[in-house]
Amino acid sequence: MTHSAKPDHCRLIIEQAPLSGSRNMAIDEALLESAANQEWCTLRWYQWNQPTISLGYFQKNEAKESVENWKDLPRVRRLSGGGAILHHHELTYAFALPGCHPLAKSPPELYVAIHQPIIDVLAAHGLQVQFRGVSFRSETEPFLCFGRGDERDLVYQGQKILGSAQRRRRGAIVQHGSLLLLTSEHATDFSGLLNLTEQVERYQTEFLAALTEDFSHAISQALKLPLKSQFLTDEEQAQSESLEKEKYSVEAWTARK
């Protein structure tokens, strides 16, 4: 496409039920394709229907990394890079942006543009988090992403509670990230925000829905993109189903590793 004007609104998709890892990752890629081909902007919120490990795009699925408490969990390979994430008690977002938007040309600024509204909303809910502010890298990177550190991570008293990653395609970009709310019994080294703040009882459907709504409006205001609640188009639905089968199913990606 040759359009040059940036999008005048952002689609908002809130999944009504948790989905599988392969389904979630296939939909995120379909949204990136829509950003690249149709110049659509989309903000999507979703959860996972069982504890699932998503591997970074370039990450090896090594048996030695299969520690006892999550060796049998399903795995999926993400579109984005970085370390593995154990998705369990969290809110996950994906934000797809066409190349005609200025932020698509500045990936570091896009992280901040999404993370700052999340900081503000959490503060309004009495949960004070901040940017890490510094990056650190070890000689041997931890397998799990939440053991790694980037300056744009969100932390509570030094503990990482939100990390994001990106993938670019034909100028468009998709950024997705995980807000860790409760500690998973499969990865007890990483504490959820509500555990850290001793507010575990708040992890309920109503609270998650309120956070999702507040995050969406705050991001919309920060980016000056009005929201329009929508569902996947028929074309996106068909494309995501094809991607799930051909690329994101366990059979598909383990055959190529």
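Tell me, which residue of the range 76-120 that is among the small types (Gly, Ala, Ser), open to solvent by 10 Å² or more (accessible area, probe 1.4 Å) and assigned to a loop (DSSP other than H, G, I, E, B) is nearest to Leu32 (Cα to Cα)?
Our first condition is that a residue be among the small types (Gly, Ala, Ser); within the range 76-120, this holds for 80-84, 94, 96, 99, 104, 106, 113.
Subsequent filtering for residues that are open to solvent by 10 Å² or more (accessible area, probe 1.4 Å) retains 81-82, 99, 106, 113.
Restricting the remaining residues to those that are assigned to a loop (DSSP other than H, G, I, E, B) gives 81-82, 99, 106.
Working: Gly81: 15, Gly82: 18, Gly99: 11, Ser106: 16 Å.
Only one residue tops the list, namely Gly99.
Name the pairs whose Cβ atoms lie under 6 Å apart, with the first residue in the range 180-196 and within 12 Å of Tyr156 (Cβ to Cβ), the second among the hydroxyl-bearing types (Ser, Thr, Tyr), and 6 or more positions between them or separate chains?
Pairs found: Leu181/Tyr203; Ser191/Thr183; Gly192/Thr183; Leu193/Tyr156; Leu194/Tyr203; Asn195/Thr183; Leu196/Tyr156.
Could you check, for the range 236-254, whether at least one of its residues is among the polar types (S, T, N, Q), modelled with pLDDT under 95, part of a helix (DSSP H, G or I) and out of contact with any Ser or Thr (no Cβ under 7 Å at 6 or more places or on another chain)?
Scanning the range 236-254 turns up at least one residue that is among the polar types (S, T, N, Q), modelled with pLDDT under 95, part of a helix (DSSP H, G or I) and out of contact with any Ser or Thr (no Cβ under 7 Å at 6 or more places or on another chain).
Being open to solvent by 70 Å² or more (accessible area, probe 1.4 Å) and touching a helix residue (DSSP H, G or I) at 6+ places or on another chain (Cβ under 8 Å): is that true of Gln221 here? Show your work before the answer.
Details: open to solvent by 70 Å² or more (accessible area, probe 1.4 Å): yes; touching a helix residue (DSSP H, G or I) at 6+ places or on another chain (Cβ under 8 Å): yes.
Yes.
From the list Arg167, Arg152, pick out the single residue that is modelled with pLDDT under 95, in contact with a His (Cβ under 9 Å, 6 or more places away or on another chain), open to solvent by 40 Å² or more (accessible area, probe 1.4 Å) and assigned to a loop (DSSP other than H, G, I, E, B).
Details: Arg167 fails: assigned to a loop (DSSP other than H, G, I, E, B).
Within the list Arg167, Arg152, the selection yields Arg152.
Answer yes or no as to whether Ser184 is at negative phi, open to solvent by less than 20 Å² (accessible area, probe 1.4 Å) and within 18 Å of the chain's Cα centre (by Cα). Show your work before the answer.
Numbers: at negative phi: yes; open to solvent by less than 20 Å² (accessible area, probe 1.4 Å): yes; within 18 Å of the chain's Cα centre (by Cα): yes.
When the stated conditions are applied, Ser184 passes them.
Does Lys228 count as open to solvent by 40 Å² or more (accessible area, probe 1.4 Å) and closer than 18 Å to Cys41 by Cβ? Before you say what the answer is, go through the steps one by one.
Details: open to solvent by 40 Å² or more (accessible area, probe 1.4 Å): yes; closer than 18 Å to Cys41 by Cβ: yes.
When the stated conditions are applied, Lys228 passes them.
The values are calculated or read from the model by the stated rules, or taken from the named source; none is laboratory data. Please read these numbers as outputs of a predicted model, since none were measured by experiment. Every residue, glycine among them, receives a Cβ derived from its backbone with ideal geometry; neighbour counts consider all protein chains shown. For the accessible areas, the whole protein counts, side chains as well, though only heavy atoms, and no ligand, DNA or RNA atoms are used. Shrake-Rupley method; radii C 1.70, N 1.55, O 1.52, S 1.80 Å.
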